[in-house]
Amino acid sequence: MSVTPVDQLFNFKDKTVLVTGASGGIGEGIARRFSEAGANVAVHYRNGQAKAKALAANLGDKTHAFHAELTDPKAVTDLMDKVTAHFGRLDVLINNAGIFPNAPLSTMTIDQWRTVLAANTDSVFLCTQKAALKMKHTGGAIINIASISGLNAGPDHAHYNSSKAAVIMFTQSAAQDFGPDGIRVNTISPGLIERDGIKDAWPEGVSRWQEKAPLSRMGTPLDIADACLFLASPAAQFITGINLPVEGGVMASPIY
Ligand SMILES: NC(=O)c1ccc[n+]([C@@H]2O[C@H](COP(=O)([O-])OP(=O)(O)OC[C@H]3O[C@@H](n4cnc5c(N)ncnc54)[C@H](OP(=O)(O)O)[C@@H]3O)[C@@H](O)[C@H]2O)c1
């Protein structure tokens, strides 16, 4: 067991971190925080090229943007090769990319089901497997962003709820299989996270949330980013296979 001085626990100066879905809200927050912690940051995007490139430019020369469709095995292999060719190593993978469309179960089509399962679980499987090959001789940390919806079902989200429950169990499996290589694998399950326009688009949902959550607010991308920093850091060196809900205590609220 190595002992890291307390003031160095969140120093990622010599580390390379790949954040998938960094063209989106939570991913951007995670990429920014690891950059502040000194890491080389690989900013992944699919359609959001302009946003990802602007973020990489804003974060400076230790950051670079990489494209991949994460449901495509060849594209994921290429992504891992490009990241390690560019930065020389891969220490931390944050599997953050995902989608959350609404669809009532009574009319959900098989295509809607498959699209969500592919974006939210195929991507985590592929990225974890290919990243672990890169980390095999150095060790590393993988963090999967699931959701409290994987623990407590929200309406019109059967595909999403199921995909996130799968990610939580996949994390335990990956922690077992890759632990001997020094690779830790953990899940973070965010609650409701602030994004532009959410208070106007869904006022009743936001106010229900704020009434129920003991901390009386939505989360922010920074709340998720700081939990990622912790789980990726030596402060969590004996933690693997867990699911860490980051949700302002909402799961601790009374049911009745
Ligand atoms: N927001 C919340 O309240 C909340 C709560 C719990 C959990 N989560 C989870 O947190 C994660 C991020 O959420 P967010 O709110 O930041 O979402 P977001 O802003 O919509 O961003 C989603 C990101 O995922 C990428 N992506 C989606 N499908 C992809 C695919 N097939 N291949 C490659 N990239 C893909 C998108 O890339 P492009 O835009 O470049 O195409 C985008 O960068 C998701 O896994 C979500 O389920 C969110």
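The values are calculated or read from the model by the stated rules, or taken from the named source; none is laboratory data. None of these values were measured; they are calculated from a predicted model. Using ideal geometry, Cβ is built from the backbone for each residue, glycine included, and neighbour counts are taken over all protein chains shown. Just the protein is used for accessible areas: all its heavy atoms, side chains included, with ligands, DNA and RNA removed. Shrake-Rupley method; radii C 1.70, N 1.55, O 1.52, S 1.80 Å.
Before moving on, here are some points about what is shown:
- Helix runs (DSSP H) in the chain reaching 20 Å along axis by Cα, Kyte-Doolittle at least 0.5: none
- Point-to-point label distance, residue 9-residue 220, nm (Cα→Cβ direction, 7 Å offset): 2.1
- Using a probe of 1.4 angstrom and keeping all protein chains present, the accessible surface of the range 6-247 works out to 47 square angstrom per residue.
- Placed amide H near residue 243: partners under 5 Å, 5+ positions off or other chain: 187
- Note on exposure: 55, 215 ranked by accessible area (1.4 Å probe, complete protein assembly) read 215, 55, with the most exposed listed first.
- Using equal-weight Cα scatterers in the Debye expression, the normalised intensity of the chain in log10 at q = 0.07, 0.12, 0.13 Å⁻¹ is -0.23, -0.68, -0.80.
- Linear extension gain, residue 133 paired with residue 156, 0.36 nm per residue minus alpha-carbon span: 4.6 nm
- Under a 5 Å amide H cut-off, with hydrogens placed 1.01 Å from N, residue 66 pairs with 43, 44, 45 among residues at least 5 apart or on other chains.
- Result for the chain in a Gaussian network model with C-alpha springs under 10 Å: among 198, 30, 142, the largest mean-square fluctuation is at 198.
- Rounded to the nearest 20, the size of the Cβ-charge dipole of the range 6-247 about its Cα centre is 320 debye, with Lys and Arg at +1 and Asp and Glu at -1.
- Per-residue extension of 0.36 nm, minus the Cα-Cα distance of residue 86 and residue 69, leaves a gain of 4.2 nm for this segment.
- Residue-span extension gain [residue 108 to residue 207] - 0.36 nm each, minus C-alpha spacing: 32.9 nm
- Residues whose amide H lies under 5 Å from that of residue 140, counting only those 5 or more places away or on a different chain, are 183, 184; hydrogens are built 1.01 Å from N in the peptide plane.
- Stokes-Einstein translational diffusion, the range 186-235 - Kirkwood Rh over all Cα pairs, 1.002 mPa s, 20 °C, in µm²/s: 177
- Note on the chain: helix-only mean residue ellipticity at 222 nm, from DSSP H runs of 4+ residues weighted -39500 (n - 2.57) and normalised by residue number, equals -13000 deg cm²/dmol.
- Computed across the range 117-156, the Kirkwood hydrodynamic radius from all distinct Cα-Cα pairs reaches 11.9 Å.
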